[in-house]
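Read the structure below first, then the notes.
The values are calculated or read from the model by the stated rules, or taken from the named source; none is laboratory data. These numbers were taken from a predicted model, which means no experiment stands behind them. Note that each Cβ is placed from the backbone with ideal geometry, even for glycine, and that neighbours are counted across all protein chains shown.
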Amino acid sequence: VMDWKIDPAHSSVDFSVRYLVSTVHARFTGLRGPVVLSDTTEDGKPELLGFDATFDTDSFGSGNSARDQHIKSADFLDTAAHPEATVRVVSLVKDVVDRYLMTVELTLHGHTRTVDLVADTAGPVEDAFGVLRVGATATGRLRRSDFGVAGYQGFISDDIAFTVNVQAVPASVPDDQLPPAA
């Protein structure tokens with residue numbers, strides 16, 4: 001088993017939601033936490049065994065500061081009362097090469113629910129700075145009302161497209177030696 005960690009500069013939790021007649025995209029940044037991989041298999045690639053990501057809810061951004069402040073307010077995420085959120089893998093089954101069926105526990109807005117995702121993995125590859133990297137992009141859907149975020153029904157869809165992007169480096173790489181976001 002190989003111990004890795006999430007590279008915060010290259011990882012995010014993304015959402016998209018229908019608002020009236022268009023789709024709004026947003027993201028949480030600064031994910032941190034452990035990633036567990038198997039030892040290298042016969043094809044030279046490790047298999048994803050799980051991850052446990054924590055992120056600050058105040059990192060929410062949609063590209064519109066007025067909207068972001070409203071989403072961070074008690075009307076929606078209430079980031080003052082719920083400053084952190086987590087995504088933790090609780091079940092993982094390899095589906096086909098480089099793809100997994102995954103169930104995660106998402107804790108957001110003080111509520112913990114399971115969400116089923118499909119994850120595509122990549123790597124390991126060495127970046128331009130000589131740091132080995134692996135990645136996973138896990139996608140699925142959730143209902144915001146399941147997390148106590150039910151305001152503005154009829155204007156904002158309850159159905160949310162949800163993506164977790166995790167890029168990981170060996171746990172032995174010091175944080176101050178991680179390359180900047182590119």
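Please work out if ASP176 is assigned to a strand (DSSP E or B) and either surrounded by fewer than 18 Cβ atoms within 10 Å (Cβ to Cβ) or at pLDDT 95 or above (or both). No, not satisfied.
Residue by residue, here is whether (1) farther than 23 Å from VAL173 by Cβ; (2) touching a helix residue (DSSP H, G or I) at 6+ places or on another chain (Cβ under 8 Å); (3) touching a residue at least 40 places away in the same chain (Cβ under 8 Å) holds:
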site: PRO46; (1), (2), (3): no, no, yes
site: THR57; (1), (2), (3): yes, yes, yes
site: ASN64; (1), (2), (3): yes, no, no
site: GLU84; (1), (2), (3): yes, yes, no
site: ARG113; (1), (2), (3): yes, yes, no
site: ALA138; (1), (2), (3): no, no, no
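Hey, does region 147-168 have a residue that's over 22 Å from THR86 (Cα atoms), touching a Lys or Arg at 6+ places or on another chain (Cβ under 8 Å) and part of a strand (DSSP E or B)? Among the residues of region 147-168, at least one is over 22 Å from THR86 (Cα atoms), touching a Lys or Arg at 6+ places or on another chain (Cβ under 8 Å) and part of a strand (DSSP E or B), which makes the answer yes. Note on region 1-29: residues that are exposed (fewer than 15 other Cβ atoms within 10 Å of the Cβ) and either among the hydrophobic types (A, V, I, L, M, F, W, C) or more than 18 Å from GLY140 (Cα to Cα) (or both) total 6.
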